[in-house]
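Here is the structure we will look at, set down as structure tokens.
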Amino acid sequence: MPLIATDTVGLSNLVKREHPWMESDGYGLVVTACTAAMGQVVRNTAGTWAAITAVPLATDEIGVVLDATKEDSTKKRILVKGEAILGAHALVYFSGATAGNIAAVNALLEAKNIQINTAV
């Protein structure tokens, strides 16, 4: 079987399982202009979604960038609440994030029912 090598991470590398209504009803998603790459953990500050630069506060609105919309490539889907399972290897945190920082960010995501799975 041929193997296709690519540097581009696909949505299937990031999202391992999602709520069945996510696509049809927009459950748990925000669609907005965002320049962050797929898998980036982002924070909403005054209506602007941007990559985190440190561990967010528990009161911050955070999410994970999924993919660009088919209608407008400048708009991205951001997962803000589950039920979803994401592959830990495809998440992007912030430069210099320690294992403790990553665990803290993952705990904030899991509080929103976005499970992070290291085994997939």
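Worth pointing out:
- Rel. contact order, % - alpha carbon contacts under 8 angstrom, at least six apart, the chain: 28
- Distance (nanometres) between label positions extended 7 Å along Cα→Cβ at Lys75 and Phe94: 2.9
- Using the Cβ-Cβ distance between Asn101 and Ala58 with R0 set to 22 Å, the FRET efficiency from 1/(1 + (r/R0)^6) comes to roughly 0.95.
- Pair Ala119, Tyr27: separation of 7 Å Cα→Cβ label points (nm): 2.4
- Long-range Cα-Cα pairs in the chain (distance over 24 Å), rounded percent: 22
- Region 60-119: C-alpha pair distances exceeding 17 Å, %: 42
Readers should treat all values here as calculations from the given coordinates under stated rules, not as data from a laboratory. In this text the structure is predicted, and so the values were computed from the model without any measurement. Every residue, glycine as well, gets a Cβ built from its backbone with ideal geometry; the counts of neighbours run over all protein chains shown.
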